[in-house]
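The values are calculated or read from the model by the stated rules, or taken from the named source; none is laboratory data. None of the values given here were measured: they were computed from a predicted structure. So basically every Cβ, Gly included, is an ideal-geometry build from the backbone, and we count neighbours across all protein chains shown.
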Number of protein chains: 2
Amino acid sequence: MSNYHPLNEAEAIRIAKSIAGIFSAEGELVCSEIGDGNLNLVFHVTQPSTGAGVIVKQALPYAKVVGESWPLTLDRARIESEALRIEGRHAPGLVPEVYYTDHELALTVMEDLSSHVIMRRGLIEGGVYPKFADDISEFLARTLFFTSDLGMNQQEKKTLAASFSNPELCKITEDLIFDHPYTDADTNSFDDHLKEEAALLWSDQELHLEVALLREKFLTHAQALLHGDLHTGSIFITPDSTKIIDPEFAYFGPMGFDIGAVLANLLLNFASQEHWSDNDSARQARRAYLIETVRDIWTGFERKFRALWDAHGVDRIARTAGYQDDYMQRLLQDSVGFAGSKMVRRIVGLAHVADIDKIPEPAVRGQAQVIALAIGKSLIKNNRKLTSIEQLIDIAESAAVRG
Amino acid sequence: MSNYHPLNEAEAIRIAKSIAGIFSAEGELVCSEIGDGNLNLVFHVTQPSTGAGVIVKQALPYAKVVGESWPLTLDRARIESEALRIEGRHAPGLVPEVYYTDHELALTVMEDLSSHVIMRRGLIEGGVYPKFADDISEFLARTLFFTSDLGMNQQEKKTLAASFSNPELCKITEDLIFDHPYTDADTNSFDDHLKEEAALLWSDQELHLEVALLREKFLTHAQALLHGDLHTGSIFITPDSTKIIDPEFAYFGPMGFDIGAVLANLLLNFASQEHWSDNDSARQARRAYLIETVRDIWTGFERKFRALWDAHGVDRIARTAGYQDDYMQRLLQDSVGFAGSKMVRRIVGLAHVADIDKIPEPAVRGQAQVIALAIGKSLIKNNRKLTSIEQLIDIAESAAVRG
């Protein structure tokens with residue numbers, strides 16, 4: 001890593017200019033650093049005369065979260081760019097195109113997506129994304145299937161899995177999702193009114209057992225190459241385009257972790273609908289839209305994953321009678337359990353979501369937190385019993401009614 | 001690998017001589033190649049004047065099985081020697097000491113165990129090994145616990161797991177244990193009288209589903225560093241010493257695969273006791289000895305694994321109420337399922353065991369094969385239902401009575 005140094009804007013422009021086929025030879029390039037400075041430098045390099053642009057993203061050798069700073073491997077830039085290439089191969093058009101990488105500089109030059117908005121923000125602002133369920137279920141089905149033992153050569157998968165060994169970033173997930181929210185950890189952060197709720201989380205042995213089992217799956221079940229951090233802040237969106245970004249947490253893990261992340265973040269927004277409008281029917285319609293999206297994602301995923309399996313299963317064993325049904329059921333259950341874990345940690349753990357934290361009225365925000373926590377706990381506790389996406393929806397809807 | 005070449009005896013002596021602390025400076029060394037030539041060269045280098053000796057083991061770049069020859073990675077020598085070192089650290093005295101390795105030459109110099117016999121042969125000859133159950137349960141408990149997320153730092157485990165990526169040797173297991181025996185594969189080999197039994201195996205959908213699930217665990221559940229080929233031919237033994245050898249199939253997989261391999265090979269010998277003696281009471285006593293050993297291995301393993309967990313569990317989550325019980329139950333079930341798979345393949349698959357194949361009377365041998373197959377099938381079909389080692393023993397004993 002001897003050549004590593006954080007780039008300045010002039011260097012970012014020089015690197016961007018060297019990418020063939022993007023910019024006109026005439027016309028100046030301009031650059032602005034648009035990252036939040038916590039993990040990465042993100043240079044947006046554009047050519048005003050043509051409207052062309054690229055993103056130059058460089059990992060920083062540390063992470064800053066809520067004022068804390070700790071060292072973090074630059075290897076995550078390699079993992080992110082390799083994951084983007086693989087995802088792009090299996091799910092064309094659903095991730096930014098990678099133009100260039102430099103592993104020594106921890107650098108990736110990729111497609112400019114400034115025509116898109118971050119989906120979390122879009123949802124908070126009431127956006128409707130009619131193509132999203134289809135796109136994300138396509139992304140999940142294809143990237144997970146084709147990097148699993150069902151859809152790729154099992155020996156090549158083992159070699160690929162070794163190259164995606166990602167201990168440092170997995171550690172963040174292991175701590176912040178599967179550990180800290182269930183004990184009185186320093187990193188936890190929650191509003192005062194949740195003190196009792198938090199204490200209940202810390203003493204609930206039934207919940208702890210389920211979380212331990214989910215964590216074990218995260219640690220040991222190398223089913224497929226995961227995105228690893230697939231919340232709505234990792235999705236760029238417009239009504240007719242979806243781009244999944246930032247797979248720096250990618251590693252070979254349980255498929256349900258990615259599926260659950262998407263469902264959890266829609267349900268967090270669902271829980272925030274206490275707030276969205278004083279108009280009750282508008283709020284109900286918004287909730288219905290979110291629930292419909294959740295349903296469409298799972299049913300779309302299941303339909304597409306099964307179709308890929310039938311058409312592209314790599315071997316005889318994949319066609320074993322009853323195996324696919326058994327597998328899909330376990331996938332649903334894992335997705336439900338991981339969705340629950342992802343919701344709980346967003347209410348009492350270190351990193352929250354704007355969908356709920358940015359609700360201005362404390363009472364409404366508090367209500368949303370209680371609903372999200374109730375859904376999350378129930379999904380975790382019931383994950384091994386669920387047999388249909390409708391049961392997940394029932395859990396969400398009855399928590400909202402009770403809330 | 002440019003320096004790789006198969007050693008001759010003079011070179012083996014020269015390498016052996018360079019190991020400090022084994023041989024006297026005076027006194028000639030002699031060498032004989034004692035490998036079977038199918039996978040490795042094995043030089044036994046001794047000093048007749050002192051009785052000192054070492055084993056110089058070198059991997060060959062191919063495997064020969066039943067006349068077939070195919071290329072096979074030399075990297076397995078690195079994996080074997082690294083696994084021996086790790087096993088030796090966690091289970092001192094239960095593996096040969098490694099004196100020297102040369103990865104380019106695919107070479108390991110290790111402790112001479114010529115005072116021991118191969119356990120399969122010892123069992124066939126009616127040997128009794130009163131220390132074995134204690135030794136092997138110690139080996140299993142310590143090597144599996146301390147390389148799992150329960151007993152080692154989870155980030156170091158991920159890095160270690162990547163270094164034990166072993167696709168080529170895993171492929172042999174995937175094909176010969178989890179695939180070929182359940183279809184009419186060219187590699188299968190069985191006596192004529194088993195044709196109908198084999199056809200039943202190939203059409204039994206209930207069995208196929210369980211095998212698919214076991215194979216999935218073998219492919220994806222990276223619980224701990226396995227030996228990977230822990231049959232009685234990989235164990236050197238005397239009445240008061242046990243040495244586990246040949247971990248070239250080592251990789252991070254499901255713990256039950258190693259435990260099941262040991263149980264399966266004792267049960268294969270158990271099934272062969274149709275033959276052992278015309279004296280019925282002697283045969284019964286032999287069977288009782290083998291069953292007692294099976295029971296002692298599991299109960300010893302469980303007791304020791306739980307004690308390690310209580311004393312050395314690496315984190316808070318390991319102490320979650322109910323988690324250890326749930327884990328041990330799943331370990332038993334996995335062990336049962338893998339034991340069954342290992343038995344079936346030894347009757348109809350490519351590689352058989354001398355315990356049964358070397359029974360001279362065709363009728364007696366046939367009976368032993370039928371019993372072994374019945375036990376194996378029943379263990380596979382019932383693996384997810386078993387809750388105690390006594391149920392495995394019941395299955396074995398009633399198959400023997402019926403047989």
Checklist entry - Can we say residue A:123 is in a helix (DSSP H, G or I) and closer than 25 Å to residue A:327 by Cβ? => result no
Checklist entry - Has the stretch B:134-145 got any residue that is surrounded by fewer than 17 Cβ atoms within 10 Å (Cβ to Cβ) and touching a residue at least 12 places away in the same chain (Cβ under 8 Å)? => result yes
Item to check | Top-ranked residue of the stretch A:146-156 - restricted to ones that are in a helix (DSSP H, G or I) and touching a residue at least 40 places away in the same chain (Cβ under 8 Å), ranked as farthest from the other protein chains (Cβ to nearest Cβ) | outcome: A:146
Checklist entry - When the residues of the stretch A:176-189 are filtered to those that are within 26 Å of residue A:77 (Cα to Cα) and of a type in the set (A, V, I, L, M, F, W, C), which remaining residue is surrounded by the most Cβ atoms within 10 Å (Cβ to Cβ)? => result A:177
Item to check | Flag for residue A:295 being more than 21 Å from residue A:221 (Cα to Cα) and within 14 Å of chain B (Cβ to nearest Cβ) | outcome: no
Item to check | Sole exception among (1) away from every other protein chain (no Cβ under 14 Å); (2) assigned to a loop (DSSP other than H, G, I, E, B); (3) at pLDDT 95 or above for residue B:114, by number | outcome: (3)
Checklist entry - If we scan the stretch B:343-351, do we find a residue that is buried (at least 19 other Cβ atoms within 10 Å of the Cβ), out of contact with any Cys (no Cβ under 7 Å at 6 or more places or on another chain) and farther than 30 Å from residue B:187 by Cβ? => result no
Checklist outcome for this item: Here the qualifying pairs (Cβ atoms under 6 Å; residues six or more apart or on different chains; first in the stretch B:330-358 and in the same structural domain as residue B:213 (by TED's automatic domain parsing) and modelled with pLDDT of 95 or more; second surrounded by fewer than 23 Cβ atoms within 10 Å (Cβ to Cβ) and of a type in the set (Gly, Ala, Ser)) come out as B:348/B:198
Checklist entry - For the stretch B:379-392, which residues satisfy the criterion of being part of a helix (DSSP H, G or I) and surrounded by fewer than 20 Cβ atoms within 10 Å (Cβ to Cβ)? => result B:381, B:382, B:390, B:391
Checklist entry - Do the conditions hold for residue B:165, that is, is it polar (S, T, N, Q), under 17 Å from the mean Cα position of the chain (by Cα) and farther than 27 Å from residue B:369 by Cα? => result no
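Yes or no, residue by residue, for (1) within 22 Å of the chain's Cα centre (by Cα); (2) under 24 Å from residue A:217 (Cα atoms); (3) surrounded by fewer than 20 Cβ atoms within 10 Å (Cβ to Cβ):
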site: B:326; (1), (2), (3): no, yes, yes
site: B:337; (1), (2), (3): yes, yes, no
site: B:363; (1), (2), (3): no, no, yes
site: B:370; (1), (2), (3): no, no, yes
site: B:401; (1), (2), (3): no, no, yes
Next on the checklist: Anything in the stretch A:1-35 that is charged (D, E, K, R), in contact with a strand residue (DSSP E or B) (Cβ under 8 Å, 6 or more places away or on another chain) and in a loop (DSSP other than H, G, I, E, B)? List them, or say none.
Outcome noted: A:28
Next on the checklist: Please verify whether residue A:87 is assigned to a helix (DSSP H, G or I), under 29 Å from residue A:354 (Cα atoms) and not assigned by TED's automatic domain parsing to the domain that holds residue A:312, treating the condition exactly as stated.
Outcome noted: yes
Checklist outcome for this item: Among (1) closer than 13 Å to residue A:271 by Cα; (2) among the polar types (S, T, N, Q); (3) within 14 Å of another protein chain (Cβ to nearest Cβ), residue A:329 falls short only on (1)
Checklist outcome for this item: Residues in the stretch B:180-208 that are in contact with a Ser or Thr (Cβ under 6 Å, 6 or more places away or on another chain) and not in a helix (DSSP H, G or I) total 0
Item to check | Complete set of residues in the stretch A:163-175 that are crowded, with 19+ Cβ neighbours inside 10 Å and either free of Cβ contacts under 8 Å to residues at least 12 places away in the same chain or under 27 Å from residue A:361 (Cα atoms) (or both) | outcome: A:167
Checklist outcome for this item: Picking from A:13, A:79, the residue that is closer than 22 Å to residue A:235 by Cβ and surrounded by 15 or more Cβ atoms within 10 Å (Cβ to Cβ) would be A:79
